[in-house]
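One structure is given below, encoded as structure tokens.
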Amino acid sequence: MNNRNYQKELEKLLEGLTYRPSLLLHSCCGPCSSYVLSYLNKYFDITVLYYNPNIYPREEFDKRTEEQIRLIKALNQDLRQINPDGILNKFGPLPKNAADIKFIPGRYEPEKFFEMAKGLEELKEGGERCFKCYELRMREAAVYAYTQGYDYFTTTLSISPLKNAQKINEIGERLWKELGIKHLPADFKKRDGYLISCGLCKKYGLYRQDYCGCIFSRREREVQKRMKEAEAENNVSI
């Protein structure tokens, strides 16, 4: 059993930094990236790669992309201000040499996701299909980070209580060994990361989707909604 505390590993790494490394951050969505960017921007010069070919339909992909861009613009402004009343004060002011957060729009390639998901379509969310989806997106980030000379890469995925942080970090370390680009260990949901992200979503009025992104998670969520509605109707009739 893996008993590693990836959040403590991250904190130890941050404490030992003697310069501002460059970080290629794969983001799954604006809401999940809100805390991660606010937290890590104090230590790294960050470029966000928005590569999520799993998202369905295209309109949803475009909407989430727009929210990611809007958040980055707002954070670049707010993170340089000392706001004693706002949630961003938790992270402190940025160093003077900090660069603005940059953004790279990822290609929309749903065919790659569906090819990866062949034979796994009926699995429930959170299983092997999801693990392969993590790797599909993280590999894109790792390859880009390696070829463009970044110091580190990582993903926002571990901030979700529904995502398996151990699997995410195992994939990151495997890609590190394969490609030679350092993976930043993380379990961003720790230290109230998920709760803080919810507060930041309210602060910036971010659109928060109610399903992970793929057509399979969307179908599963619709079934869950119908079951809850039916249960509510039964309770009312009783």
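Some observations on this one:
- Candidates Glu111, Glu122 - the one that is at pLDDT below 95, of a type in the set (D, E, K, R) and under 13 Å from Cys214 (Cα atoms): Glu122
- Residue within segment 22-35 that is surrounded by fewer than 20 Cβ atoms within 10 Å (Cβ to Cβ), modelled with pLDDT of 95 or more and out of contact with any Gly (no Cβ under 7 Å at 6 or more places or on another chain) present: yes
- Any hit, segment 143-154, residues being in contact with a Pro (Cβ under 7 Å, 6 or more places away or on another chain), more than 28 Å from Lys203 (Cβ to Cβ) and of a type outside the set (Lys, Arg): yes
- Complete set of residues in segment 61-86 that are buried (at least 18 other Cβ atoms within 10 Å of the Cβ) and either more than 19 Å from Lys202 (Cα to Cα) or β-branched (Val, Ile, Thr) (or both): Phe61, Thr65, Ile72
- Selection of segment 164-204 for residues being within 12 Å of the chain's Cα centre (by Cα), in a loop (DSSP other than H, G, I, E, B) and surrounded by 23 or more Cβ atoms within 10 Å (Cβ to Cβ) yields Ala186, Phe188.
- Total residues in segment 11-39, condition of a type in the set (A, V, I, L, M, F, W, C) and under 15 Å from Tyr194 (Cβ atoms): 5
- So Met227, is it of a type in the set (A, V, I, L, M) and under 17 Å from the mean Cα position of the chain (by Cα): no
- Identification of strands (runs of 3 or more DSSP E) wholly contained in segment 2-111 with 1 or more residues that are touching a Leu at 6+ places or on another chain (Cβ under 8 Å), within 18 Å of Lys189 (Cα to Cα) and touching a residue at least 24 places away in the same chain (Cβ under 8 Å) yields 22-26.
- Residue within segment 67-79 that is among the charged types (D, E, K, R) and in contact with a Ser or Thr (Cβ under 7 Å, 6 or more places away or on another chain) present: no
- Tally of residues being within 16 Å of the chain's Cα centre (by Cα) and closer than 16 Å to Ile215 by Cβ across segment 127-136: 4
- Verdict on Arg137 being outside any helix (DSSP H, G or I) and either of a type outside the set (Gly, Ala, Ser) or without any contact (Cβ under 8 Å) to a residue 60 or more places away in the chain (or both): no
- If only residues of segment 87-108 that are among the hydrophobic types (A, V, I, L, M, F, W, C) and modelled with pLDDT of 95 or more are counted, the one that is surrounded by the most Cβ atoms within 10 Å (Cβ to Cβ) is Ile101.
- Verdict on Val48 being within 14 Å of Pro105 (Cα to Cα), buried (at least 21 other Cβ atoms within 10 Å of the Cβ) and among the β-branched types (Val, Ile, Thr): yes
- When residues of segment 112-122 are limited to those that are in contact (Cβ under 8 Å) with a residue 60 or more places away in the chain and in a loop (DSSP other than H, G, I, E, B), the one surrounded by the fewest Cβ atoms within 10 Å (Cβ to Cβ): Glu121
- Index of the failed condition, Ala142 passing every other in (1) outside any helix (DSSP H, G or I); (2) touching a His at 6+ places or on another chain (Cβ under 8 Å); (3) over 15 Å from Leu10 (Cβ atoms); (4) not polar (S, T, N, Q): (1)
The values are calculated or read from the model by the stated rules, or taken from the named source; none is laboratory data. Note that the coordinates shown come from a computational prediction; the quantities given were computed from them, not determined experimentally. Cβ: placed from backbone, ideal geometry, glycine included. Neighbour counts: every protein chain shown.
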